[in-house]
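Nothing in this text is a laboratory measurement; each read-out follows from the coordinates by a stated rule. No experiment lies behind these values; they were computed from the predicted model shown. Every residue, glycine as well, gets a Cβ built from its backbone with ideal geometry; the counts of neighbours run over all protein chains shown.
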Amino acid sequence: MPMFIAKRLISLVGIMIALTFIIFVLQQIIPADPARATVGMNAPRTSVEAKRKELGLDQPLPLRYGRYLSRLLKGDLGVSTRTHRPVAVDLLHFLPASAELMLAAFAVGITLALAVAVPHAAGQTGSAIATGIIAASSAPIFLVGQVFALLLWFWLGWFPGGGRLGPDTPAPEGPTGLFVLDGLLEGHLSTSIDALHHLALPTLTLALPVAAALGRALTSSMTDVLRQTYIRTARAKGLGEFAVVRHHVLRNAAPVPLAMVGLQFQQMFMNILIVEGLFSWPGVGSYLVKAFAAADLPAILGVSLAFAGFYLVLAAVIDVLQAVLDPRIEAR
Amino acid sequence: MDGIDVKPGTALRAGIAALGLLGGMQSGWTETVLHVAYQEDMSTFDPDNAFALYGLDALRATYQGLIQYKPGSTELTGWLAESWSVSNDGLTYRFRLHRGVRFHDGHALTASDVLAYFRRRKSPDLALSYFLNGVADMSAPDADTFVIRLAAPDPSFLDRLASAWGPKIVGPGALVDHAGSDHAETWLNDHEDGTGPYRMTEFNRGQRYVLSRNEDYWGKRPYFDRIQIEIVPTMAQQMLMLRKGDLDLIQTGYPFEQLHHLPGGLRMLVHDDLGLEMAFVNGSRRLRDRLLRKAVLTAMNPAGWLDDAFFGFATPAHSLYPRAMLGAPAPVEFPSDLAAARQIVAHVAPVSLEIAYEDQESAVQQHPAELLASALEQIGIHATVRPYPSDQVPLFADDLEHAPDLFIAENYPDAAHPSTQAGVFFARTAPLNYFAYKNAQIDQLIDAAALVNDPADRDRRYLDISKRLFADMAFVPLADIRGVIVYREGLTDLDTRPALPWVVDYESIRRE
Amino acid sequence: MTLGPLWRAGWPLRSGAGPLIGLVVITLLAIVGPSFAPANPLLRVDVPYLGPSWHHWLGTDDIGRDLLSRILYGVRLTWFPVIAVIALATAVGTAVGTVSATAGGPVELLLNRLCDLMMVIPSTLIALAAAAALGPGTWHLVAAISVFWWPWYARIAHTDIRRVATRAHVEAAMLAGVGNPRLILRYLLPAALPSLVVAASLDVANVILVLAMFSFLGLGAPAPAPELGAMTARSLVSLTTHWWIPLTPAIVIFVLAFTANLAGDAIRRWMEST
């Protein structure tokens, strides 16, 4: 096991370095003038040139890559040309909101998937559910979000339509930046409830594709497992259907959906751009969309690098988990 | 009987009082908060660095300058300066400051504070320092008097002071206590120390800004307790919020076509704006040929597509200046012979042109750009439309061979004086002269016009410049676009000013 | 006869025939639909915001263009790029997977690492880079998406070919001196084919949705191109006053993806049962 983990770590570092190189190359080929962007439109030529020198933009490529890497190691992701603040600072500011949303969406998505897949595998549901899952995974996320907003906010008024908190709720100072958690930590239950209330719609929208994809994977995976002989043995022993599913099916059906979690993270990273825009959620997604609009290269590349890095770590963790669940993988 | 002995009458009265209190609290809450939304974050709250169009209303509510424009007009009136005078040679400006003004940090305003601030504004690394170009020196001879001496006469100087982006006095609570190593630039990004009717009590990037009433304000007490500014990037969402009552007004961006279908309970305020829709022509590429430019101009005639683009909320431009800035008698005359235009195009090799606009302006510019493309198709030109990120737009001049052929934008000059328009777009060194149009004679005329004091003479000269530029087909004035604010019934005294784009006066706005 | 048994059997939606016919219909629509469009989708032909009528079956949009024509072109502008992405991704992926599985050693290691890397880079970044570097456009988007779409297929091809390469009949063929190209074509690829077909058919819906999402974010063909996602995005402001303008393109996307998903599901079940 330790060898496996060590090998995994080494390849992780290798991929990270390759990633930084790709992002650096992209930075060079995309036409934009970071110097001009920092000094503003009205600035005379001389200020732009001075800024260019300051940013080291006139130096040869390998030197610039070196500077880039050394700045990365210090946690410097560059300065956003739109907000004029370090991208790392912006990222830290907007990350908690997205983290809260993604965590909630995963939790709700996995719960929904299990809630649908388990009864389905136990034979309790008709194929209408399966079709429903397929329909849910075919709906474009902007349609889903807009429909939820219209229905549950605009017409029924059950949930707020945007933002993380209502206008009369002060933002918690909290350590985590996750308002639901911070509200509890501060002892303001009403803040947490308000945060939950605002979290509901974007979470539901973001959770739907997760639930649909995981649901499909789980149902087909569980169907496969159910056909196995050891299940017949379990049934022959007299275990009820639900017990069979809980004890045997889930554990053995887990690896495939587990891998899907990684893929869903990637997908969620894309979906969140739309969901955050729709629900005025002040997270990394809406930050990135604004960065697109302003061609704010440092922000786009910085955020993408951070997310890719996180995803790589996540993938490595999932690999290790899978190896734990199925020792056969390690042997390969 | 055990317990508290309460007479029924007392209980009843207590009950009614409690209900009344609740009711009062409820209506108190909803009545004295104004809910507003921005589509964009403010990148900074520093009045000397905030060169964007967003947030000018919040800045105006917290900071104040020496002079300002009167509501609904381009006439100047006092603000922190209760009066002022200009010397005969046009070089010295004396401002007499109001007494009893306090900064939000508690400090009383004196002329030396104003001097300290103006010195700060002049720092070259601040984006808006160019407003004080031409200032030779400044002084504070006594506590109530502030004096500026210019190097050369500048009739537009007062307008610059009144500009939405003009100098706004920042107090020592920022400039002294939080100077740091960058004259308080870092601190002023998300804090403020002004003299205005509101204090900025929350600046939560990406989420919301909260302005709370300044109880020590030296002027008239504003109506609203709090101005709550939410960041809502999608206009569709803002519109839904307005309908639902989560928002009280939308200052800008309400789609024109939707203005004709306003749901009940909403009103619109159509006001004059200094927004002028203009097309910039890249004369160094496919439109080098004068005849072809003329053909393009014929097709571009706004009379043909203006209503489709702006649904009645724009009028054909009368000159290269917004009408609220400089009135010209009649709309610009475009060549009108479409048949001749088609002929010209047919003679030239297959023409395809690129019409560009700024990506961030898509909501307003996509329509007209597509309509223009459509109009060009009518005379046989294949036109494509392409949005560009704002940062790439200044790069056009660096590579005219590959820059777009036409660029359309709605432009807002710095202030109501025509030199702020000409100096920003038409001069050779103008920062927003997107396609590097060069004409020595025009430059001379612009320089000369900038020195003229007599309004009639001045206007005549600027109009002459406009006619020449149009004849050369370098800049095409398309339309004066009206500003429209959509708001919930019951609000009044919004007090807009043409020179202040999208700004609602939070000092005066109230519910009826 | 009650509907119960029928519905439980999943007819007509889940039986293979329905969705597959749907795919054929969509393909036909993408090919010939635009020829039947009543108007030029790019030009203003009437007053904006007209409701559905005899003249304009779906009414006009916010600029006065015929909505039906735009939808018909929109289907083509969605379907062709989707097919292109799937085709490119499967072709490149299979090629890479085959090479890595047959070459073995350091080549295999390198290609596998390359696959991992490509699957990690956030796709939005590549799409934006492509759009910025090449200019916005549907085919630039196709290229950009294909660039990060193929690794999944490469993985599948690699796994299946690896598995088959160790089988007895392949080893026998190698010993008998069968040349490499023939080996690959007759023995290895056919083994990978079933998984690849299933993967591709299940993938169609994903690509539809990804393209729609990019289009919605404005990363696709520039205006006035009738791309379905973009059409929804820019007309959302009319949602409460003229709801069919933003919702119709979105629903069309849903129908396309739904049909593709059902078809993919049917193909998968068919493959598994054989």
Next item on the list: From the C-alpha gyration tensor of the protein assembly as shown, pull out the three semi-axes of the equivalent ellipsoid (sqrt of 5λ each), sorted largest to smallest, in whole Å.
Entry: 55, 37, 30
Check: Roughly what would the spin-label model give for residue A:129 and residue B:92, points 7 Å off Cα along C-beta, in nm?
Finding: 9.0
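Can you tell me the FRET efficiency between residue A:54 and residue B:460 if r is taken as the Cβ-Cβ distance and R0 is 35 Å, rounded to the nearest 0.05?
Approximately 0.15, to the nearest 0.05.
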Check: Which value in deg cm²/dmol, rounded to the nearest 500, describes the helix-derived mean residue ellipticity at 222 nm for the protein assembly as shown, given -39,500 (n - 2.57) per DSSP H run of n ≥ 4 and division by the residue count?
Finding: -16500 deg cm²/dmol
Item checked: Net charge of neighbours whose Cβ lies under 13 Å from the Cβ of residue B:308, counting Lys and Arg as +1 and Asp and Glu as -1 -> -4
Note to self: Between residue B:453 and residue B:82, how high is the FRET efficiency from 1/(1 + (r/R0)^6) when r is the Cβ-Cβ distance and R₀ = 22 Å? Nearest 0.05.
What the structure shows: 0.40
Next item on the list: Mind checking A:141-148 for the average number of partner chain beta-carbons within 10 Å of each residue's beta-carbon?
Entry: 5
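Which FRET efficiency, nearest 0.05, do residue B:260 and residue A:67 yield, Cβ-Cβ r, R0 51 Å?
That pair, residue B:260 with residue A:67, gives E of 0.35.
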Notebook entry, point to check: What's the angle, to the nearest 10 degrees (0 to 90), between helix B:8-31's Cα axis and the longest principal axis of chain B?
Noted result: 20
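Quick one: dipole size for the protein assembly as shown, taken about the Cα centre, charges +1 on Lys/Arg Cβ and -1 on Asp/Glu Cβ, in debye to the nearest 20.
3720
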Checklist line | Simple spin-label estimate for residue B:346 and residue B:468 in nanometres, 7 Å along Cα-Cβ | finding: 3.7
Next item on the list: Please figure out what share of the DSSP beta bridges in chain B is antiparallel and state it in percent, rounded to the nearest 5.
Entry: 75
Note to self: Relative contact order of chain B, please, whole-number percent, based on alpha carbon pairs below 8 angstrom and at least 6 residues apart.
What the structure shows: 20
Check: What are the lysines whose alpha-carbon lies under 25 Å from the alpha-carbon of residue A:53, with same-chain residues fewer than 8 places away excluded?
Finding: A:74, B:122
Checklist line | Using θ = phi - 60° and Karplus 6.51 cos²θ - 1.76 cosθ + 1.60, couplings along region A:143-153 (whole Hz; Gly, Pro as x) | finding: 5, 4, x, 5, 5, 4, 4, 4, 5, 7, 10
Margin query: 7 Å from Cα along Cα→Cβ at both residue B:191 and residue C:255: what's the point-to-point distance in nm?
Written below: 6.0
Next item on the list: Using only the Cα atoms of region B:376-460, construct the convex hull and provide its projected area averaged over every direction, in square nanometres to one decimal.
Entry: 7.7
Notebook entry, point to check: Going 7 Å from the Cα of residue B:201 toward and past its Cβ, which residues in region B:490-507 have a backbone nitrogen under 19 Å from where you end up?
Noted result: B:506-507
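Based only on other Cβ atoms within 10 Å, what is the fewest-to-most ordering of B:294, B:220?
Listing B:294, B:220 from fewest to most nearby Cβ atoms yields B:220, B:294.
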Next item on the list: Tabulate in residue order the Karplus-calculated ³J(HN,Hα) for region B:246-256, using 6.51 cos²θ - 1.76 cosθ + 1.60 with θ = phi - 60°, rounded to whole Hz; enter x for Gly and Pro.
Entry: 6, 10, 9, 7, 10, 6, 7, x, 5, x, 4
Next item on the list: Provide the per-residue ³J(HN,Hα) series for region B:450-456, in order, calculated from phi with Karplus coefficients 6.51, -1.76, 1.60 and θ = phi - 60°, each as a whole number of Hz, with x at glycine and proline positions.
Entry: 5, 9, 7, 8, 5, x, 5
Checklist line | Rounded to 10°, Cα long-axis angle of helix B:290-300 versus longest principal axis of chain B | finding: 40
